[in-house]
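A quick write-up on the structure given underneath.
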Amino acid sequence: MSWRLIVPPTVTPVSVSEAKEHERISINDAAEDLLIQQQLFAATRFAEEFTRRAFVTQTWELRTTKIAQIMEIPRPPLLEIIPNSTDASSMVFTNMNDVTTAIDDDTWFQDNVDEPGRLIFKSSLAFPYPWATWGWGCIPYGYMTLKFRAGYGVDGDTSVENIPWEIKEAILQIFGFLYQNREGQPIPCGSVAHTLLQPFKVEYL
């Protein structure tokens, strides 16, 4: 299983002004603000990789040969598995001859309440092969690709209001360390940021 970010977020959970206030930075300079914004993106990426989550709404592509009737979708919280009716190439099966077949929207549904979210195929249907052939966890002669959106946004927007305050505070802690230590010192493993993020760390089956 592998996944790649195809539409990254355009904003960070913490704004430049919030970061400057947190660190008591009084410099009003475009170059300094750009540095702060870049460090906020880096701090956000660190927190997302540590928790294995998506914070601000973003779109991912998942590719896997591990196909089962119930499949976990990485990077919670899941907002939407993008159906083929929205994007004709969103969910397809590719066989060993590089022939792709779209997976019909009415053959599956999503669970975006649990974390991680799940893709659930309807057991009464048999696509692209009967479950006795392909539904038990491995397709050695093909793979499935799907696109999904994840993050704490409402209805897929880029709002940050629903991101837990502990995550925002952890990003501020990481940013503060990056801002004060610009020569590449590693963030201490026992830092406050790690403690704040630990409850949000996702464990996959």
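The values are calculated or read from the model by the stated rules, or taken from the named source; none is laboratory data. Keep in mind that this is a model prediction, so the values were computed, not measured. Because the Cβ atoms are built from the backbone with ideal geometry, glycine has one as well, and the counts that use them run over all protein chains shown. Side chains are part of the model used for accessible areas, which takes the heavy atoms of the whole protein and leaves out ligands, DNA and RNA. Shrake-Rupley method; radii C 1.70, N 1.55, O 1.52, S 1.80 Å.
Test ALA47 against the stated conditions and say whether it is at pLDDT 95 or above and under 19 Å from ARG182 (Cα atoms). First the steps, then the outcome.
On the way: at pLDDT 95 or above: yes; under 19 Å from ARG182 (Cα atoms): yes.
When the stated conditions are applied, ALA47 passes them.
For segment 46-98, enumerate the residues that are polar (S, T, N, Q), more than 18 Å from VAL11 (Cα to Cα) and touching a residue at least 60 places away in the same chain (Cβ under 8 Å).
Applying the first criterion (polar (S, T, N, Q)) to segment 46-98 yields 51, 57-59, 64-65, 69, 84-86, 89-90, 94-95, 97.
From the residues that got through so far, the ones that are more than 18 Å from VAL11 (Cα to Cα) too are 51, 64-65, 69, 84-86, 89-90, 94-95, 97.
Matches in segment 46-98: THR51, THR64, THR65, GLN69.
Just a yes or no: is a residue in segment 25-32 more than 23 Å from GLY176 (Cβ to Cβ) and open to solvent by 50 Å² or more (accessible area, probe 1.4 Å)?
Going residue by residue through segment 25-32, those that are more than 23 Å from GLY176 (Cβ to Cβ) are none.
Checked segment 25-32: no residue is more than 23 Å from GLY176 (Cβ to Cβ) and open to solvent by 50 Å² or more (accessible area, probe 1.4 Å).
So, in segment 110-130, of the ones that are open to solvent by 20 Å² or more (accessible area, probe 1.4 Å), under 15 Å from ALA68 (Cβ atoms) and among the hydrophobic types (A, V, I, L, M, F, W, C), which residue ends up modelled with the highest pLDDT?
ILE120
Can you tell me which residue within segment 42-65, out of those that are of a type in the set (S, T, N, Q) and assigned to a loop (DSSP other than H, G, I, E, B), is least open to solvent (accessible area, probe 1.4 Å)? Steps first, answer last, please.
Here is the first cut: in segment 42-65, the ones of a type in the set (S, T, N, Q) are 44, 51, 57-59, 64-65.
Those left that are additionally assigned to a loop (DSSP other than H, G, I, E, B): 57, 65.
On the way: THR57: 16, THR65: 53 Å².
Filtering segment 42-65 for residues that are of a type in the set (S, T, N, Q) and assigned to a loop (DSSP other than H, G, I, E, B), the one least open to solvent (accessible area, probe 1.4 Å) comes out as THR57.
Within segment 66-101, how many residues are among the small types (Gly, Ala, Ser) and surrounded by 14 or more Cβ atoms within 10 Å (Cβ to Cβ)?
Within segment 66-101, the subset among the small types (Gly, Ala, Ser) is 68, 85, 88-90.
Adding the requirement that they be surrounded by 14 or more Cβ atoms within 10 Å (Cβ to Cβ) leaves 68, 90.
The number of residues fulfilling the criteria is 2.
Give segment 131-161 a look and list any residue that's open to solvent by less than 70 Å² (accessible area, probe 1.4 Å) and either modelled with pLDDT of 85 or more or in contact with a Pro (Cβ under 6 Å, 6 or more places away or on another chain) (or both), or say none.
Within segment 131-161, TYR143, MET144, THR145, LEU146, LYS147, PHE148, ARG149, ALA150, GLY151, TYR152, VAL160 meet the criteria.
Hey, can you tell me all the residues within segment 73-94 that are assigned to a strand (DSSP E or B) and in contact with a Phe, Trp or Tyr (Cβ under 6 Å, 6 or more places away or on another chain)? Spell out how you get there, then give the answer.
So the first thing to find is which residues in segment 73-94 are assigned to a strand (DSSP E or B), and the list is 73, 78-81, 92-94.
Selection gives ILE73, ILE81, THR94.
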